[in-house]
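Trainee: Pasting a structure below so you can have a look.
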Ligand code: C2E
Ligand code: MG
Ligand code: MG
């Protein structure tokens, strides 16, 4: 498999590129943004959006059943509008702010998910995915904190997935890998985000305590070409051989979905099924999904 370039933290144009550009050249700007972010955390300006992940394999996969929701943090900035994580998490990562934001995300997301799970017996199996950065994974007592929170919310550990990127477990990563291992031992699931093909992929995957991989959107975008299909097929076969679940990210077209199904990928996430939504939007979507499932006469969703 050919390496297709370094994993990207995000894809598509970002509204706040100027913000980061400015930060790179002006540390005082960065300092003031960090101060604003501290206020944002205290002042309720952070919010979560959620995006669904759908089953695409097997009988249930034909109608794209929702298996889980991924929590994605946003900053509702009073003058800049909605700021995406790629434009403020790097600033937060320069201090302990990233850990505080992470703890807020975890608390808020588990609170929402436990309400969804308990509001309807058919949603008891709904999973929640949370993204964690290197600093969060290295935080002392992370595992105890996560397990205490799950206990408080009466959530099963296996209904939480912690997503992390490979750079979070690169250099000086013993603590992060130990935390992931301890989470898995407690039945919390782990997933390698933005996973991309490469000649050393098997070794990279084998050294990590993992349940799933999320396949980078650039690999989904390359589907429909011979090398793109071959690369995806090899990745899915490798993951299956290692006992890992496969989730394709950034799925935008029916053609990509059909190709992923034929290549044996099990789950998909992307704009084809919908953009991330606020908590109330997702609540409505989950209700609609329940109605759709109980009404067999309704046509299945995309694909
Ligand atoms: P990610 O975890 O890989 O999340 C997927 C990103 O792709 C999200 O961007 C989502 O809005 C976007 N996306 C989903 N489907 C599509 C699609 O079909 N097309 C396109 N063009 N984009 C799609 P978002 O929300 O801006 O998040 C970017 C990254 O920021 C995330 O990538 C994740 O690495 C990080 N992030 C988000 N929330 C958190 C958080 O609470 N904590 C940490 N540590 N990182 C977070
Ligand atoms: Mg993610
Ligand atoms: Mg990703």
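Trainee: Pulled fully out, how much extra length does the chain show between residue 94 and residue 271, if you take 0.36 nm times their separation in residues and subtract their Cα-Cα distance?
Mentor: Taking 0.36 nm per residue and subtracting the Cα distance, the gain is 60.6 nm.
Trainee: Bin all alpha-carbon pair distances of the stretch 106-255 at 10 Å intervals from 0 and give each bin's fraction as a whole percent.
Mentor: Once binned at 10 Å, the Cα pair distances of the stretch 106-255 give 11, 37, 32, 17, 2.
Trainee: Something else: What's the long-distance tail for the stretch 201-300, i.e. % of Cα pairs beyond 21 Å?
Mentor: When every Cα pair of the stretch 201-300 is considered, 45 percent fall beyond 21 Å.
Trainee: Taking every Cα atom in the stretch 74-190, find the radius of gyration and the maximum pairwise distance Dmax, and write them in Å.
Mentor: Cα only, the stretch 74-190: 14.9, 44 Å (Rg, Dmax).
Trainee: Let me ask another. What is the distance, in nm, between label points placed 7 Å from the Cα along the Cα-to-Cβ direction at residue 108 and at residue 42?
Mentor: My value for the distance between the label points is 1.7 nm.
Trainee: May I have the convex hull volume per residue, in Å³, for the Cα set of the stretch 64-140?
Mentor: Taking only Cα atoms, the stretch 64-140 has a hull volume of 129 Å³ per residue.
Trainee: If all Cα-Cα distances of the chain are sorted into 20 Å bins from 0 onward, what percent lands in each bin, rounded to whole numbers?
Mentor: 32, 61, 7
Trainee: Where the convex hull is taken over the Cα atoms of the stretch 121-169, what is its projected area averaged over directions, in nm²?
Mentor: 3.7
FYI, it's all coordinate maths here, none of it is from the lab. Keep in mind the model is a prediction, meaning the values are calculated, not measured. Here the Cβ is made from the backbone with ideal geometry for all residues, glycine too, and neighbour counts use every protein chain on show.
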